[in-house]
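Beneath this line is the structure, given in structure tokens, with notes to follow.
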Amino acid sequence: MFLALLLADFKTYAKEQPDSLKTVKHFHLPPTITYTNNFSASYVQYKNWKYNGNNSYSFLLRSNVNYDSTGNNWETHLRFNGELGYLKFIDSTWVKNTDYFDFAADVVKKTGKRFENVFSFYFSSQFLSAYENIYNDSGLYAKHWISGFGSPMNIDIGYGATIHFWKTNRIDLTFVTLHTSTMPLLDNEVPDKASGIIYKNTLISSEYGLGIQTYIRKSIGKRIRWENNSRFFANAINRQKCTVDFRNRVIVKIVKYLDFIVDSRIRYAPYPPYKFQFRNELMLSFTFEKV
């Protein structure tokens, strides 16, 4: 019912727009592929810091690939993002502190209207397995698997409308979206049976709803670039029925191969403790980019 009403309102809105808002100028661009790779490293020394001390190295590798093709009747946009980071304590162990990747594909049917049809696909997970150290039933110290490739995982398949601005930037409204997710179940977790099915200690859930996606990559002058790749999904006004993944980045080019990056991410997942997660980073990064 919610989706039917939303679709009806959307169609009514499109019909009521003046002709000046119904048409949009298209840009016919040859296929382009953009590669961006960032590598950053740091060394941190703590001495008598809160009556403790340790030394550590951190390494972070980020990769981004964009493919854009704009023809007379169709547009194709592919995007890959990946991030892998480790923290190494001196004379101690390696700790993985960030690990994720996602792939997005959009196909746009060009009609010359302000709002055009879009078919979208999205997949996200992590590269490597993650473990935590626990004491097993025998009282021995052992590694316990907590997550890996395919668990957790999110898959979105959607159909809706897209609006273009700044030539190749766009916002998608996929009012028909199938959202499927998997989440590993750790010890002593007992999920609500109505939330999905359980298969090999993994909770699998699937639902229809409304999705919003932003794809912004805008140069501001010669040295500054703004990037925003955010996603939102919901099928009810309920903390268990929506997900948010806001990613915003401002890149300032200092010299060739050296950038200053302000990176922000706000994430909300529909499971305990039902709180927004925030991550803000300021970094100097060695960057290799090729178009």
Within segment 262-282, is even one residue over 21 Å from Thr180 (Cα atoms) and in contact (Cβ under 8 Å) with a residue 24 or more places away in the chain? no
For segment 84-112, enumerate the residues that are charged (D, E, K, R) and surrounded by fewer than 16 Cβ atoms within 10 Å (Cβ to Cβ). Lys88, Asp91, Lys96, Lys109
Identity of the residue in segment 135-159, touching a residue at least 40 places away in the same chain (Cβ under 8 Å) and under 19 Å from the mean Cα position of the chain (by Cα), that ends up surrounded by the fewest Cβ atoms within 10 Å (Cβ to Cβ): Tyr159
Go over the candidates Glu132, Glu83, Glu75 one by one and state the one that is touching a residue at least 24 places away in the same chain (Cβ under 8 Å), among the acidic types (Asp, Glu) and outside any loop (DSSP other than H, G, I, E, B). Glu75
Scan segment 158-174 for residues that are more than 13 Å from Arg231 (Cα to Cα) and not small (Gly, Ala, Ser) and report the count. 9
Please state which one of Phe232, Phe246, Phe286 is assigned to a strand (DSSP E or B), touching a Leu at 6+ places or on another chain (Cβ under 7 Å) and surrounded by 11 or more Cβ atoms within 10 Å (Cβ to Cβ). Phe286
Please determine, by comparing only the residues of segment 86-110 that are part of a loop (DSSP other than H, G, I, E, B) and touching a strand residue (DSSP E or B) at 6+ places or on another chain (Cβ under 7 Å), which one is farthest from Pro152 (Cα to Cα). Lys110
Look at Arg170 and say whether it is farther than 30 Å from Lys110 by Cα, at pLDDT 90 or above and basic (Lys, Arg). no
If we ask which residues in segment 95-118 are basic (Lys, Arg) and in contact with an Asp or Glu (Cβ under 7 Å, 6 or more places away or on another chain), their number turns out to be 2
Considering only segment 246-286, state which residues are over 16 Å from Thr98 (Cβ atoms), more than 20 Å from the chain's Cα centre (by Cα) and of a type in the set (Ser, Thr, Tyr). Tyr257
Among the candidates Ile212, Ile220, Ile224, Ile216, single out the residue that is within 28 Å of Leu60 (Cα to Cα), within 16 Å of the chain's Cα centre (by Cα) and among the aliphatic types (A, V, I, L, M). Ile216
Tell me whether segment 197-218 contains one or more residues that are free of Cβ contacts under 8 Å to residues at least 60 places away in the same chain, small (Gly, Ala, Ser) and within 21 Å of Arg79 (Cα to Cα). no
Give just the number: which of (1) in contact with a Phe, Trp or Tyr (Cβ under 7 Å, 6 or more places away or on another chain); (2) more than 25 Å from Phe165 (Cβ to Cβ); (3) among the β-branched types (Val, Ile, Thr) does Val244 not satisfy? (2)
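The values are calculated or read from the model by the stated rules, or taken from the named source; none is laboratory data. Small disclaimer: the values here were computed from a predicted structure and weren't measured. Cβ coordinates were reconstructed from backbone atoms using ideal geometry, including for glycine residues, and neighbour counts include every protein chain displayed.
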